[in-house]
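See structure below.
The values are calculated or read from the model by the stated rules, or taken from the named source; none is laboratory data. Computed from a predicted model, the values in this text were never measured in an experiment. Here Cβ is always computed from backbone atoms with ideal geometry, including for glycine, and neighbour counts include all displayed protein chains.
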Amino acid sequence: MERTKFMTSHTSTIDDVPTRSFARSERMFSNAQQLMPGGVSSPVRAFRSVGGTPRFIAHGQGASITDVDGNSYIDYVLSWGPLILGHAHPAVVAAIVEQTRRGTTFGAPSELESELAALITHTMPAIEMVRFVSSGTEAAMSAIRLARAATGRSKVVKFAGCYHGHADAFLVQAGSGVATLGLPDSPGVSANVVADTLTAPFNDANAVEALCASQQVAAVVVEPVAGNMGLVLPQPGFLQALRDICTRTGTLLIFDEVMTGFRVALGGAQELYGIQPDLTCLGKVIGGGLPAAAYGGRREFMMRVAPAGPVYQAGTLSGNPLAMAAGITTLREISKPGVFAGLGRMTSALTSALERHATLADIPLVTSAVGSMWGFFFAPEPIHNFAEAKAHVNSVHFGAFFHAMLNAGVSLAPSAFESAFVSTMHDDQTLAATDHAMGQAIQVVREVSR
Ligand SMILES: Cc1ncc(COP(=O)(O)O)c(C=O)c1O
């Protein structure tokens with residue numbers, strides 16, 4: 001490839017870095033924009049906050065993806081979390097192919113659902129029963145419906161910067177794409193629907209205490225490790241304080257582990273931090289790369305769900321056999337000894353490497369890692385909540401870093417307010433290549449910071 005001056009979208013240059021062509025992605029994106037809003041099926045994929053053209057992906061294998069122009073990237077997005085075994089893992093592919101031959105959907109019970117349900121309930125003892133749905137949005141939406149029914153109360157407390165999917169009641173100070181695009185709370189969501197949604201700052205148990213003391217709250221819903229405002233860890237004692245407040249006030253504690261379940265530890269954040277929520281939302285990893293999600297929890301609550309009880313919730317493709325087969329295979333693979341220790345070593349190696357480059361270049365940066373999730377902020381000090389993230393994160397630095405990494409063959413989420421992941425297919429070689437790319441990309445950040 002011709003070696004040229006490297007241009008970031010922020011007009012800085014460093015010598016001797018090849019510029020990759022993505023002409024076919026550009027053509028496809030231009031066509032897609034005529035056919036679909038923003039050219040995408042989910043907003044953050046459109047690169048709005050970092051500028052430039054999203055790469056159209058032709059295929060993925062292991063830890064890497066290849067775009068339609070033939071460029072390969074080490075992938076730390078992993079379809080926004082599900083692919084803990086990497087792309088096209090042979091065991092997952094075999095399970096899906098085998099099930100496809102037997103039929104793709106029945107709209108009737110299959111044993112696969114019970115098999116995946118058993119794996120989940122054995123791994124997360126707080127989940128005594130589970131209901132499968134097709135997306136994390138549905139899981140969170142259904143969990144609060146159940147919490148309202150079980151408590152006879154209507155208010156829900158969520159945390160600013162946490163994302164629980166796009167159900168109306170949650171589109172208040174939401175993270176992920178809502179944060180990335182800097183959207184005010186979405187038009188089309190009526191004031192009535194969000195009147196029952198109360199918000200508190202993440203890591204602020206006192207604020208939750210005040211809300212639960214003054215109002216009848218059905219549920220406190222939290223990402224126990226916040227992954228949708230960048231990666232923000234719970235401060236020591238925060239989750240336990242939520243548990244205590246909820247127990248004291250008869251409020252249900254809902255852990256939204258759509259991202260963290262089978263990700264930060266095999267048993268999710270509830271295992272890692274030793275907290276038993278009343279209800280849990282799962283998604284991403286449990287579908288092994290196919291659309292599956294779930295909510296579950298204590299039997300006394302779950303028995304209220306139709307048809308066992310009156311709380312209605314249903315889905316044509318819920319418990320889809322292909323997704324169940326992919327999920328079962330994925331959970332079996334990651335249950336093998338040593339998997340999470342290996343994933344954890346990789347995320348610490350990545351954050352240490354990035355810190356080393358930033359320190360050498362005198363660029364303010366903070367990082368965090370938990371299990372197979374990692375993240376970083378171009379900020380001078382650790383971030384504890386969404387207000388701090390918005391106030392301190394340098395988005396120009398992030399944009400320059402993001403594009404330089406992409407050009408060096410590393411794919412990160414195109415937003416400063418997302419998390420990164422690793423898979424079991426990342427290895428020393430991919431880590432070394434990423435370390436090298438980080439060094440180059442930090443130099444680009446240094447140039448834009450001058
Ligand atoms: C914590 C959390 N909850 C819910 C969702 C929504 O899941 P889905 O995109 O499958 O609807 C997400 C998606 O990123 C998430 O991270």
Members of segment 42-63 found to be polar (S, T, N, Q), over 16 Å from Leu78 (Cα atoms) and surrounded by fewer than 20 Cβ atoms within 10 Å (Cβ to Cβ), listed by number: Thr53
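Okay, residues lined up against (1) over 27 Å from His426 (Cα atoms); (2) crowded, with 22+ Cβ neighbours inside 10 Å:
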{"residue": "Thr330", "(1), (2)": "no, yes"}
{"residue": "Gly338", "(1), (2)": "no, no"}
{"residue": "Thr351", "(1), (2)": "no, no"}
{"residue": "Ala369", "(1), (2)": "no, yes"}
{"residue": "Pro380", "(1), (2)": "yes, no"}
Selected residue (criterion: nearest to the ligand (Cβ to nearest atom)) from residues of segment 219-265 that are among the polar types (S, T, N, Q) and under 20 Å from Met373 (Cβ atoms): Asn228
Count - residues of segment 224-265 that are aliphatic (A, V, I, L, M), out of contact with any Leu (no Cβ under 9 Å at 6 or more places or on another chain) and either farther than 23 Å from Lys155 by Cα or assigned to a loop (DSSP other than H, G, I, E, B) (or both): 5
Residue pairs meeting the criteria (Cβ under 9 Å; at least 6 apart or on separate chains; first over 24 Å from Leu146 (Cα atoms), in segment 163-192; second of a type in the set (D, E, K, R) and modelled with pLDDT under 80): Val178/Asp185
Qualifying residue in segment 259-266 (condition: of a type in the set (A, V, I, L, M, F, W, C) and more than 19 Å from Tyr163 (Cα to Cα)): yes
Residue that is nearest to the ligand (Cβ to nearest atom) [pool: residues in segment 130-149 that are in a helix (DSSP H, G or I) and among the basic types (Lys, Arg)]: Arg145
Condition broken by Leu431, with the remaining ones in (1) of a type outside the set (Gly, Ala, Ser); (2) buried (at least 23 other Cβ atoms within 10 Å of the Cβ); (3) in a helix (DSSP H, G or I) satisfied: (2)
Residues of segment 114-129 classified as part of a helix (DSSP H, G or I) and touching a helix residue (DSSP H, G or I) at 6+ places or on another chain (Cβ under 6 Å), total: 3
Qualifying residue in segment 380-392 (condition: at pLDDT 95 or above and in contact with a Leu (Cβ under 8 Å, 6 or more places away or on another chain)): no
Test: residue in segment 296-317 that is under 18 Å from Met425 (Cβ atoms), touching a strand residue (DSSP E or B) at 6+ places or on another chain (Cβ under 9 Å) and either buried (at least 22 other Cβ atoms within 10 Å of the Cβ) or in contact (Cβ under 8 Å) with a residue 60 or more places away in the chain (or both): no
Segment 280-300, subset part of a strand (DSSP E or B) and more than 9 Å from the ligand (Cβ to nearest atom), residue farthest from the chain's Cα centre (by Cα): Gly297
Tally, over segment 318-349, of residues that are charged (D, E, K, R) and in contact (Cβ under 8 Å) with a residue 60 or more places away in the chain: 2
